[in-house]
Each structure stands twice: as structure tokens, then as C-alpha cells.
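> This is the structure I have questions about; it appears just below.
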Number of protein chains: 4
Amino acid sequence: MRMTKDELQAFLAREFPQMAPMSMRIEHFEGDSLRLSIGVNDSHLRPGGTVSGPTLMTLADCAAYLLLLGQIGPVALAVTTNLNINFLRKPEPTGLVGEARMLKRGKTLAVMDVLIHSEGQDAGPVAHATVTYAIPPARKTT
Amino acid sequence: MRMTKDELQAFLAREFPQMAPMSMRIEHFEGDSLRLSIGVNDSHLRPGGTVSGPTLMTLADCAAYLLLLGQIGPVALAVTTNLNINFLRKPEPTGLVGEARMLKRGKTLAVMDVLIHSEGQDAGPVAHATVTYAIPPARKTT
Amino acid sequence: MRMTKDELQAFLAREFPQMAPMSMRIEHFEGDSLRLSIGVNDSHLRPGGTVSGPTLMTLADCAAYLLLLGQIGPVALAVTTNLNINFLRKPEPTGLVGEARMLKRGKTLAVMDVLIHSEGQDAGPVAHATVTYAIPPARKTT
Amino acid sequence: MRMTKDELQAFLAREFPQMAPMSMRIEHFEGDSLRLSIGVNDSHLRPGGTVSGPTLMTLADCAAYLLLLGQIGPVALAVTTNLNINFLRKPEPTGLVGEARMLKRGKTLAVMDVLIHSEGQDAGPVAHATVTYAIPPARKTT
């Protein structure tokens, strides 16, 4: 682990101000897993009072990104190369929590999966994603 | 085809006002393919002057959705069940065009793929997605 | 649970005799998870002494299938609609174990993921797959 | 293009003798696309007279592999990192043809898609796959 939970949270606020409306909060980060929550506001809702697919995809992508950066440090220009998501249940119009898990971190690729739940619901996960990041070759961390 | 290009464009404006900032325009719709363009503004850009992954995923999801609705009509509560996207090249900070193609439209599932290019670029596609929609059983179109 | 571990094993031998060379064994089945092992013989090996990709995909597909049938009963003509697999590490030329987990079982679709390890190895998973099965509408179990 | 169609066919026979039962034939290879056909024999059939999922996955994987090798030469130890397949229609118990297309060939990753049809059928594709190969860094071709 190259970064703490608080360092990741500060990095997120500084480098991705456009994410501020999602109220992302890193709830937990340790070893090979990271938990990221988002608040849901009107702009993420779809007709019928559910959360939009792009909101779920953004949560999955960010949870994976933060888990990887937490492990390799903040300067890496890691980019998503593949994201596969299954939408499982209609999310409630509440906050969401994504649990990212590192499946493999190699020199050039990292593969993670993310299980997403509606906050305070027992109905089972609303989505499951697998996310692959490419790690740039010369990642001289400062 | 149950809807024309113009009917789809009107449906999009009426039902998804939250998409307005993306300036989505249906460029073409005929038979098994639909072309959707988006303008890109500052909120979609990432550091380094590229378009964010969630913007590309939203474009893929919407192009597939509109192609399906164009074929089955506007009332269906179709929902995305799976989206798989490969990010191929760094997009230029310009508009994007997605070409959706129907691979299979069954009674309960429709599978499409979407090839995304940066507008006015010859460098090859920036992303390729496959998108599955579930079609609700009782889709009595009006 | 509509079938026991032993009933699933007998079903596999009876209905899929062509799988016999893989020496599939259901190691565990309870609730939402099932563990399936395969022996690996020469026909599954690739140059370099590793297990072929199709062997891993077959293991993932079968583990998911058996988990689903265990829950809904043996007569269902369930068919795979999507399989997404990430190959994580080079498998050792030994047996393999796949852990299937039910993520969502709906009326028409079931989504599972499967984590595959080389037997007796601590190096981390060799592959991770998500598998979607379509459940036919009239699945009158006997 | 580093290899011709005939060189690829000879490479396949020499390096992958275990594929011989599938009767793979490279029908066409030019630029960014390659067409691979397989004969289907009893061992690929499933109850109900259709072709097994693993057979379709093997065809997709091999068509992508041969397209990549045709472009970068025969010595590369390229390995599949991701395969995503949608099963679209029940294949007829006949031969199959896969059309692989290069979407992006970078220094470390190549992404292709493969559209699979039953031979001599007009009913539309039976499967669509996207396949990612990792290209090893020191691929000194002889």
C-alpha cells in the first residue's frame, strides 16, 4: 500500500473536482480491497426512481481506480482498458456502495472486480463489474 | 422500425432531459443500425484533455437503447443487463460518434455492439462496446 | 436447492458423457455457491506446460450451469447467453478448481461469477469469469 | 502482415496438433481481418443437436490469435487476457465460420472482435466475441 485512505480521498478531491457532485467517500481501504460509497442526487436518477447505469459504471470504474492507485501510488497514469458490468437488480434511489477487490496486479495490467449494493438494502447486489487497468511502463512514483 | 429518427430524437429530449448537456444527436437510423453523436464539453474531460470513460459508456448505452426503441417502439421499459466496453485509443477532446448495430433481437434479450470514433479523426475507433438489453415481457406498444 | 451434490454429479455423467475426459467433480454445493474441480490431462495442455484457455472457459461455464441447475432442478434447458473471462495468471499443469457464486437468479436470467485456482497453489486465481444463463419461460420441473 | 494465409495454416498444424479434430481452415486473411472455419463433429455437439459453447469460444479465440500472429509474426508468446462472448442464436449442427477484425493493435495489447455464423445459414450470427491478447514486450521475430 502506497497511499492511505485519507491520501486517496484528498487525491480524489484535488484531481477529479468534476466528481464532486457524486459525493464519493472512501469507506475502507486495506490490502486488496477498497470500499467506495456515493450519494445519489437527482441528476443520477432515471424515470421510475432508480439510479442510472452510467452512475453505476462510474462508481465501479472509480472504486477500481482508487484501489489500484492505493497500491501503486498517485502518479500513475493508469487507464481503463476494459469494463464489463452486469446489472442485477433495480437500485433503490439511495446511496450506493462498491466493494472493489484486486484479482491480479501485474506489471502492465491490473484486474479487479466490484460488487455494488444499494445502501441499507438486503436484497442482494445491484451490479457486478470487472475492470482492467493498464499500468504505464515507466511509473516512477515520487 | 416502429419509430423514425425524428421521433427518437423527440423521445430522447422529452424522457431524458438530464442528457441535454451531452448534446446527443441521432445522425442516422435505418434497419439494424443507428448512429448517435455527442458534443463534448468541459464536464466530460479528464486531465490530459481526453474524454472520460463514463462519457463513452453513456454514449454506447444510449446508442444501443435508441436503436432498440426505434425497432420496438417507445413504451418499452427496456433495461441494460450487460455492458462490456474496450477502450482502444485515447479520444481527442472533440465530439464522438457511436455506430450501434443490432446483433440479435429476440423476445426477451437484444444484443448490440457499438463502435465509437472521435469526430473527424482517422486514427481508428476509440472504443468498442457490446450491450445487452432485456425487453420486458408485456410490451404492449401504444 | 432442488438437487443435491450427488444428484448433480449423476446428472453430469448421464447428460454430458463427452465431458468425461475432464474428470469433473462437484466438490461442494450449498445455497448460492458450488465448487467444481477438473483433472487436467494432456489434451488440455498448451505448449509451455499450461492449461488451455478453452479448458478454463469450459470449467467456468459448467460450474455456473451446475450451480443454476442445483437451484432450479434438472429439466431446465438453460443456455449460456454471455460469458466474460479474464485470464489472470498462467495455470500450473495440474488440476483446477472453480468456485461459482450466484449473483442474481431472476425469472429469466441468472448471473454468476466463477473464480478459478490451480489446485494446491497459493499464487492467486488463474481466471475469473462472469456467466449469464437464460432460463426458459416454461420450466416445469418434474 | 508478417505471415501469409498458408504460413498461418502450417503454423497451426505444427504448433497446435491438439486442434486437429476441429478441422480449422483459414479461409481468408488480409490486412485487419481473418476468416476461420471449423468442421463440427460429434464431440462438439450438445444434446439437441447444437454446437457446444466451448467450441464457439475456441473458434473465437483461435481466429483472433491467428489474425494477431499474421500481423506480428509467428514467435510471439501472445496470451489471451480477456474474452467476452455473447451467444446469440442456437447454431445448426454444421460447420462454423468466424470473422475476426482487428480493432486496435498496440504495443502491449491487441483487441479484436469475432462474428460467428453457421455455415450456409442466413439466420444471422450465432455468436459475437471480443478478445484481448497481451503481446509480450520482447517479441523479436526471427
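Every number in this text was worked out from the coordinates using simple rules, so none of it is lab data. Since the structure is predicted, the reported quantities are computational estimates derived from the model, not experimental observations. As a convention, Cβ positions derive from the backbone with ideal geometry for all residues, glycine included, and neighbour counts pool all protein chains shown.
> Tell me which aspartates and glutamates have Cα within less than 12 Å of B:Lys104's Cα, excluding those fewer than 8 residues away on the same chain?
Within the straight-line limit of under 12 Å, B:Lys104 reaches these aspartates and glutamates: B:Asp32, B:Asp113.
> Quick one: dipole size for the protein assembly as shown, taken about the Cα centre, charges +1 on Lys/Arg Cβ and -1 on Asp/Glu Cβ, in debye to the nearest 20.
I would put it at about 0 debye.
> Next question. May I ask for the longest run of chain C untouched by trypsin sites (Lys or Arg not before Pro) that are loop-located per DSSP and have at most 10 neighbouring C-beta atoms (other than their own) within 10 Å?
My reading of the result: C:1-106 is the longest stretch.
> Using bins 10 angstrom wide from zero, how does P(r) for the protein assembly as shown break down, in % of all Cα pairs?
3, 17, 29, 28, 17, 5, 0
> One decimal, nm, shortest first: give the distances between the label point of D:Lys90 and those of the same position in the other copies, each label point 7 Å from Cα along Cα→Cβ.
Spelled out, the distances from D:Lys90's label point are 3.2, 4.2, 5.0 nm.
> For chain B, what are the per-bin percents of Cα-Cα distances with bins 10 Å wide, up to the bin holding the maximum?
12, 44, 33, 9, 1
> On the rotation axis linking copies D and B, which residue of D comes nearest by its Cβ, and by how many whole Å?
D:Asn84, 2
> Next question. To the nearest Å, what is the center-to-center distance of the stretch A:70-142 and the stretch B:64-142, using C-alpha atoms only?
So the separation of the two Cα centres works out to 22 Å.
> Follow-up question, since we're still on this one. Suppose R0 equals 30 Å. What FRET efficiency, 1/(1 + (r/R0)^6) with r the Cβ-Cβ distance, do A:Asp32 and B:Lys90 give to the nearest 0.05?
Efficiency for this residue pair is about 0.55.
> Now a separate question. List the distances, in nm to one decimal, from the label point of B:Asp6 to the label points of the same position in every other copy, shortest first, placing each label point 7 Å from Cα along the Cα-to-Cβ direction.
List, nearest first: 5.9, 6.1, 7.1 nm.
> Under 8 Å for C-alpha pairs, at least 6 residues apart: give me the relative contact order for chain C, rounded to a whole percent.
25
> What are the nm distances, shortest first, from B:Thr108 to its equivalents in the other copies, labels at 7 Å along Cα→Cβ?
0.6, 4.1, 4.1
> What dipole magnitude, in Debye to the nearest 20, does the stretch B:5-134 give about its Cα centre under +1 on Lys/Arg Cβ and -1 on Asp/Glu Cβ?
Using Cβ point charges on Lys, Arg, Asp and Glu, the stretch B:5-134 gives about 320 debye.
> What value, in deg cm²/dmol to 500, does the helix sum -39500 (n - 2.57) over DSSP H runs of n ≥ 4 give at 222 nm once divided by the residues of the protein assembly as shown?
Only helices count here, giving -7000 deg cm²/dmol.
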